[in-house]
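Derivation of every value follows stated rules applied to the coordinates shown; laboratory data play no part. Fair warning: this is a prediction, and the values are worked out from it, not measured in the lab. Cβ: placed from backbone, ideal geometry, glycine included. Neighbour counts: every protein chain shown.
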Amino acid sequence: MKIWALSLIFCIALVFQVKAQRVIETNSGKTFALVNLERHQFKFNLLSPGFDYELGIFKNVTASGGLVLGFATYEEGYALGLTLHTRVRYYHNFGRRMQKNKNVSGNSGNYMAVARSIFFSPLRVATNIDGPDDFNLGFYGLTYGVQRTYENGFNFNAELGAGYYLGDGVPDGYGPLFNFTFGWVATKRKSRKPTFQ
């Protein structure tokens, strides 16, 4: 199945899920309140050089991007280096986490995402892919992830996905994607608890 078809199915499921969920934010008269999400979240990665920025778009949906150490592996081989990641995330378990009295601040939840990662040649550390020295590699696919932010600001994010690797100077192919970051959130986080209607 083509990646665009998977993305379309994901977006349709997302629309039905958002319509089915009716959550309101206490002390807010805003119609499009983000409820559980942080409007802005900036994170410095501590395990590898880099940073992440996550922007709350609307209820349970964020757009994120960053520069992190990434590992690509597919039919042609592997590449390791600094990678530009972009994601559109849908957090699906905020309600269940709040019912269990668990933290949701700092976008602490599980999510599904449409993902793109670009592995640039000047930022590459190692590879075994046959091709010119200046090849680039792009990942386009779907991921499932877990993100947790703790009171002291420390944050981890782990995601696993699959998709299509599009080569610029090397062959294309299908493969998995694994991403793990550990860092510190530099922006202020929400501390209040939302309520359900």
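On full extension of the chain, what length is gained from Phe178 through Asn103, given 0.36 nm per residue of separation minus the C-alpha to C-alpha distance?
The Phe178-Asn103 span can extend by a further 24.5 nm.
Between the alpha-carbon centers of segment 127-197 and segment 85-108, tell me the distance in whole angstrom.
The distance from the Cα centre of segment 127-197 to that of segment 85-108 comes to 16 Å.
For Met98, Met112, which order do you get if you count the other beta carbons within 10 Å of each Cβ and list the fewest first?
In order of increasing Cβ crowding within 10 Å: Met98, Met112.
Hey, what do the phi angles of segment 132-143 turn into as Karplus ³J(HN,Hα) couplings, whole Hz, using 6.51/-1.76/1.60 and θ = phi - 60°, x for Gly and Pro?
Once θ is set to phi - 60°, the couplings for segment 132-143 become x, 5, 9, 6, 10, 9, x, 9, 9, x, 10, 9 Hz.
In nm, to one decimal, how far is the modelled label at Arg39 from the one at Ala126, with both set 7 Å along Cα→Cβ?
4.4 nm
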